[in-house]
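Working notes for the structure below.
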Amino acid sequence: MFNLMNSGRKMQTIIDSMIDAVVVFDVNECIILANKAAESLFLVKEGGLLGKKIKEISNNHKISCMIGEVIRTGKEVFTETEIVPGTYIYRVHVVPIKDDDGNIEAAVAVFHDVTDARNFDQMRSEFVGNVSHELRTPLTSIKGFVETLLDGAMENSDTCRRFLTIIEAETQRLTRLIDDLLNLSALESRERIIRPKPVCVQRAIRSVMNILGPQITEKNLCVKLVYTHDLPRIFADEDLFGQVMINLLDNAIKYTPKGGTITIRCRQRDSRVVITVTDTGMGIPQESIPRVFERFYRVDKARSRNRGGTGLGLAIVKHIVESHGGEVFVDSQVGKGSTFGVSFLAV
């Protein structure tokens, strides 16, 4: 057994203090030292790894090959793999331990959990891809209409006006997208300072209803505000709460057919005030409900874009509410409508 084992208790104390799983193998590929993190990783009791080979405790053939390669060649190797398929991702780094003459005495494997980092990389890649796609669509439309106008369409005043109207709409869509991206970035990076104070829910919601009045009137919608007179105030940033309600009501307006009904209910539940927005729109399929608060997720992409949505409104709602210590939820049935809800701490 190699020399480091002469001070085994001290060595064990050192590696037990490490967050990463550490396993030491002898030249026969048997485990001679392992820390508590390694025992947790491979789901064995204390001391349960000693004397075992990696293939006896894991079906991951890649790791077994790595151990053998390091002991044979004396060269360090690393890889990223899942110990159990479909679970956490680990960066496995295996290095040789040599004596003063350069002979291989053992191999040390370190297992570092990189699941969050890889998930973040994937989310970042998807986000960049989504942003690029969302920007490309209106820009392509604007470019096409501008080229058509320059090719002579501007000579026809009716055609010119129609094309310029479309260009204006696409420009506004780009502006909304950029504004939402900046808002979401500020919330996620916590650059936006939250200044909570007691906020009158009814008054804030009525203000939002006035702001969205033209859209409500245009679709001849009936918007009801239901609340009890003893409803307490909430402890929130008034501007951010207004943004939550604008996004929720605007979303309901977009997906409620002309002549439909939207009901905003406010009620106290224990130490919180729960606000729900219920529409009589098309509803959301059950398989899509867990994803509606994701950035850029759309149940019906084509129809969402036609309604001028950026795909970020509900993600912004989620970030604002959770930054206040609240919760978001949704309930929906296809063909019957949807209910989106948020909760804030009551004063």
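With respect to Ile89, is the statement that it is crowded, with 16+ Cβ neighbours inside 10 Å, under 23 Å from the mean Cα position of the chain (by Cα) and within 30 Å of Asn60 (Cβ to Cβ) true?
Values: crowded, with 16+ Cβ neighbours inside 10 Å: yes; under 23 Å from the mean Cα position of the chain (by Cα): yes; within 30 Å of Asn60 (Cβ to Cβ): yes.
Against the criterion (crowded, with 16+ Cβ neighbours inside 10 Å, under 23 Å from the mean Cα position of the chain (by Cα) and within 30 Å of Asn60 (Cβ to Cβ)), Ile89 qualifies.
Can you tell me which residue in the stretch 183-207 is farthest from Phe241 (Cα to Cα), limited to those that are touching a strand residue (DSSP E or B) at 6+ places or on another chain (Cβ under 7 Å) and open to solvent by less than 60 Å² (accessible area, probe 1.4 Å)?
Only one residue tops the list, namely Gln202.
Answer with yes or no whether Leu221 is closer than 25 Å to Gly259 by Cβ and either among the aliphatic types (A, V, I, L, M) or open to solvent by 60 Å² or more (accessible area, probe 1.4 Å) (or both). Working first, answer last.
On the way: closer than 25 Å to Gly259 by Cβ: yes; either among the aliphatic types (A, V, I, L, M) or open to solvent by 60 Å² or more (accessible area, probe 1.4 Å) (or both): yes.
So Leu221 fits the description; yes.
Of all the residues that make up the stretch 54-68, how many are open to solvent by 70 Å² or more (accessible area, probe 1.4 Å) and in contact with a strand residue (DSSP E or B) (Cβ under 6 Å, 6 or more places away or on another chain)?
Going through the stretch 54-68, the residues open to solvent by 70 Å² or more (accessible area, probe 1.4 Å) turn out to be 55-56, 59, 61-62.
Imposing the further condition that a residue be in contact with a strand residue (DSSP E or B) (Cβ under 6 Å, 6 or more places away or on another chain) reduces the set to 62.
Total satisfying the criteria: 1.
Go through the stretch 19-33 and give me each residue that's farther than 15 Å from His93 by Cα and either open to solvent by 50 Å² or more (accessible area, probe 1.4 Å) or under 37 Å from the mean Cα position of the chain (by Cα) (or both).
Val27, Asn28, Glu29
Tell me which residues, restricted to the stretch 254-289, are of a type in the set (A, V, I, L, M, F, W, C), assigned to a loop (DSSP other than H, G, I, E, B) and open to solvent by 20 Å² or more (accessible area, probe 1.4 Å).
Here is the first cut: in the stretch 254-289, the ones of a type in the set (A, V, I, L, M, F, W, C) are 262, 264, 266, 273-275, 277, 282, 284, 289.
From the residues that got through so far, the ones that are assigned to a loop (DSSP other than H, G, I, E, B) too are 282, 284.
Once the filter is applied, which keeps residues that are of a type in the set (A, V, I, L, M, F, W, C), assigned to a loop (DSSP other than H, G, I, E, B) and open to solvent by 20 Å² or more (accessible area, probe 1.4 Å), the stretch 254-289 yields only Met282.
Could you pull out every one of the strands (runs of 3 or more DSSP E) wholly within the stretch 127-245 that has 1 or more residues that are in contact (Cβ under 8 Å) with a residue 60 or more places away in the chain?
Details: elements: 197-199, 222-227, 234-236.
Answer list for the stretch 127-245: 197-199, 234-236.
All but one of (1) in contact (Cβ under 8 Å) with a residue 60 or more places away in the chain; (2) buried (at least 18 other Cβ atoms within 10 Å of the Cβ) hold for Ser332, so report the exception by its number.
(1)
The values are calculated or read from the model by the stated rules, or taken from the named source; none is laboratory data. It should be emphasised that the depicted structure is a prediction, and the values quoted were computed from it without experimental measurement. Counting neighbours? That spans all protein chains shown, and the Cβs are built from the backbone with ideal geometry, glycine included. Areas reflect the complete protein model, heavy atoms only, side chains present, ligands, DNA and RNA absent. Shrake-Rupley method; radii C 1.70, N 1.55, O 1.52, S 1.80 Å.
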